[in-house]
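The structure under discussion appears below in the form of structure tokens.
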Amino acid sequence: METVFELRLKAFNRALGVLDLPEHINLWTGKMPVIFTAKKAEADIMTAALAEAAKKQETGLGGVAEEKDREETELEDAAFLVAQALLSWFNDQKQETEAAEVDFAKSAWQGLRDQQLLAKSQRVIDLATAVTAGAKAADAAKYGITPEAVAELVKERADYDGIVNEPGVAQSIRKALTKGFRPAFALVEKKFKELDGLILQFGKTPPGKAMIAAWKDARIQKGLNGDDDKKKPVEPVKPN
């Protein structure tokens, strides 16, 4: 991640930290304007999503779009394997209705959209769970229908569900990140500017004024050593 982005992320977290201080949190939580509390929560989620994406980029795990594609593929593969095992089992058990539910080609799995994939994979989980808990569980295990296989599918579905059904503000960050860090940071900065304007309403008391002053200071982007980014003027060289 570029240094400028690293510094901006630090500034976001520094500002949120000011609001979370014990002496400040009761000054704004649930107080008028109450929308400040909701927008602060959104800023928390957006900043965390941004930090997570930055961390993944630094560790070489790929971008947001690549992550979603990877998790989607892993769920499709896991669901297809369990579904094929169930298909063989249900056919041998003469359970035509259940067999029809899992008779799904790999290309069909790949064509499912987000919520469709989650719903279809959940149905496979439900059917497989019922089989592994049934009287013929030992026989079904010979087909590869085991608690371990179901658990793996449950994990893959949970991973994908976490991406698809993130809070709306986190989703907005994820979408912006597909275009790069600049638009994502701009989106978060816009949220913080809303807080910049709203926090001024808490300045009617000395504690509120102190919180605002601390917030404004935290919002200043600082250098890696904690100094303001603004360079100090170079002092003129005195003649000998």
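The values are calculated or read from the model by the stated rules, or taken from the named source; none is laboratory data. Every value quoted in this text rests on a predicted model; they were computed, and no experiment measured them. Neighbour counts are summed over all protein chains in view; Cβ atoms, including those assigned to glycine, are modelled from backbone coordinates with ideal geometry.
Annotation note: of 10, 68, 94, the sole residue that is modelled with pLDDT of 95 or more and charged (D, E, K, R) is 94.
Is it the case, given these coordinates, that residue 188 is β-branched (Val, Ile, Thr), modelled with pLDDT under 95 and assigned by TED's automatic domain parsing to the domain that holds residue 19? The answer is yes for residue 188. In a residue-by-residue description of the stretch 22-29, the property of being among the hydroxyl-bearing types (Ser, Thr, Tyr), over 21 Å from the mean Cα position of the chain (by Cα) and loosely packed, with under 13 Cβ neighbours inside 10 Å applies to no position.
With outside the structural domain of residue 71 (by TED's automatic domain parsing) and free of Cβ contacts under 8 Å to residues at least 12 places away in the same chain as the only criterion, which of 95, 116, 171 stands out? On inspection, the qualifying residue turns out to be 171. Specify which of the listed residues (167, 207, 239) is surrounded by fewer than 16 Cβ atoms within 10 Å (Cβ to Cβ) and at pLDDT 85 or above. Just one listed residue meets the conditions, 207.
This table checks each residue for (1) out of contact with any helix residue (DSSP H, G or I) (no Cβ under 7 Å at 6 or more places or on another chain); (2) at pLDDT 95 or above.
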site: 58; (1), (2): yes, no
site: 64; (1), (2): no, no
site: 76; (1), (2): no, yes
site: 82; (1), (2): no, yes
site: 88; (1), (2): yes, yes
site: 103; (1), (2): no, yes
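Taken as a whole, the condition of being buried (at least 18 other Cβ atoms within 10 Å of the Cβ) and within 17 Å of residue 80 (Cα to Cα) does not apply to residue 177. Residues being at pLDDT below 95, outside any helix (DSSP H, G or I), of a type outside the set (S, T, N, Q) and surrounded by 18 or more Cβ atoms within 10 Å (Cβ to Cβ) are entirely absent from the stretch 133-146.
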